[in-house]
Amino acid sequence: MKKNIKVLALRGGNEILKKLKLGIENKVLDISLDQEIESQYNIRFIIENVSQNISYPDKIFGNKITEKKLGSFSINEKSNVFIKDDNQYLDTILDLNFIKDKYDVGIKVYLDSPVNEYTVLKALPIPTNLITIYIYFCPQNISFESKSSLLIEKHFDGYSHLGFFLTDLSKMKDIIYNNYGNKELDLIHEFSTTEIIEELFDSEIIMIAWGINPYTYPIYSCDNPKNIEHILGNEYREEGVFNINEDIRELSLVPGNELKNWPYFLDKDWPKIKLFGKGKKTYLKPYYIEDKELDTVFTSFLIYREEGSLDQVKPLINVDLLYS
């Protein structure tokens, strides 16, 4: 069954970005990136037939560095539409759900970098930054514009093997103080050897991803996974599922290595991610996008809520998110 969105991925730099072509029947359009790119990137292609006008807000892709219209073209369900580069890293037929119509075609390019670049990440043999190339086909009877009403947030950062956690810091502080008093702690040790993490879970204030590959990960939050899962790729078998109190509307996002430094990390200004929608059951689900050799190019996380609650939470622990 044909879809309205196709997502592709690969790794590379100028050798690919300077030689991109979009084919529409007998026309081949140059869609190469105008500016020089100094290093290698994870490159994500999102190609959308905007028949339902569900295009995504720019803010979730990073800094927009290019935007241009490529022209108007007659396309139908049998049209030959493809994307390629001279080195054949990418050659792919774009079998989107086209109907016979006149389509305005355009491209946007975004550059996204993690907020922090830790030393351990700089030593990795794979890129840590992300370029998103968004190509749209918009029927001329539809007004194409980003749909700001979509409830989606994103934070992009690097994390060590200790991953990250999301919590209500003020409530977490009260629980730790009630158990330990005002003392310095290595909460990684306490989580591993005591029942304090279970108390935090039972208090419905924390989510944890722990024991993951050191890497850079976009973390998205939305009210409905169907609004965004098309651009995230494939679901992993593993997922984290937690009870989060319905009165909590946002959580602080903290790198897992900071757990060694209780209570000092409380003094830092951590980013907050909103929790949209209704329900106590809250998912922390990883997704991945592969290249044509079926190698994982990059992984992202999605947070969303559902009605209901869990008898037993399921933290996301010790999962291979890059090399499986």
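The values are calculated or read from the model by the stated rules, or taken from the named source; none is laboratory data. Since the model is a prediction, treat every value here as computed from it, not as a measurement. Quick reminder, even Gly has a Cβ in these numbers, built from the backbone with ideal geometry, and neighbours come from all protein chains shown. Accessible surface is based on the protein model in full, side chains and every heavy atom, while ligands, DNA and RNA are left aside. Shrake-Rupley method; radii C 1.70, N 1.55, O 1.52, S 1.80 Å.
Report the residue count in the range 292-324 for those that are surrounded by fewer than 16 Cβ atoms within 10 Å (Cβ to Cβ), touching a residue at least 60 places away in the same chain (Cβ under 8 Å), of a type outside the set (Lys, Arg) and in a strand (DSSP E or B).
The total comes to 1.
Residue-by-condition table, conditions (1) modelled with pLDDT under 85; (2) outside any strand (DSSP E or B); (3) among the small types (Gly, Ala, Ser):
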site: GLN35; (1), (2), (3): yes, yes, no
site: SER39; (1), (2), (3): no, yes, yes
site: ILE43; (1), (2), (3): no, no, no
site: ILE54; (1), (2), (3): yes, yes, no
site: SER74; (1), (2), (3): no, no, yes
site: GLU77; (1), (2), (3): no, yes, no
site: TYR110; (1), (2), (3): no, no, no
site: GLU117; (1), (2), (3): yes, yes, no
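Tally the residues that are in a helix (DSSP H, G or I) and either open to solvent by 70 Å² or more (accessible area, probe 1.4 Å) or of a type in the set (A, V, I, L, M) (or both), restricting the search to the range 171-197. First the steps, then the outcome.
Taking the range 171-197 first, the residues in a helix (DSSP H, G or I) are 171-180, 187-193, 196-197.
Still in the list and also either open to solvent by 70 Å² or more (accessible area, probe 1.4 Å) or of a type in the set (A, V, I, L, M) (or both): 171-179, 187-189, 192-193, 196-197.
Final tally of qualifying residues: 16.
Within the range 129-142, can you find the residues that are at pLDDT 90 or above and open to solvent by 20 Å² or more (accessible area, probe 1.4 Å)? Let's see the steps before the verdict.
Of the range 129-142, the ones at pLDDT 90 or above are 129-137.
Of everything in the range 129-142, just one residue is at pLDDT 90 or above and open to solvent by 20 Å² or more (accessible area, probe 1.4 Å), namely ASN129.
Filter the range 103-117 down to residues that are out of contact with any Asp or Glu (no Cβ under 6 Å at 6 or more places or on another chain), open to solvent by 20 Å² or more (accessible area, probe 1.4 Å) and within 17 Å of TYR41 (Cα to Cα), then give me how many there are.
To start, the set of residues in the range 103-117 that are out of contact with any Asp or Glu (no Cβ under 6 Å at 6 or more places or on another chain) comprises 103-107, 109-113, 117.
Applying the additional criterion that residues be open to solvent by 20 Å² or more (accessible area, probe 1.4 Å) yields 104, 111, 113, 117.
Now drop any that are not within 17 Å of TYR41 (Cα to Cα), which leaves 111, 113, 117.
Total meeting the criteria: 3.
Tell me the residue from ILE289, ILE248 that is in a loop (DSSP other than H, G, I, E, B) and over 19 Å from GLY163 (Cα atoms), please. Spell out the reasoning first.
Working: ILE289 fails: in a loop (DSSP other than H, G, I, E, B).
Exactly one of ILE289, ILE248 is in a loop (DSSP other than H, G, I, E, B) and over 19 Å from GLY163 (Cα atoms), namely ILE248.
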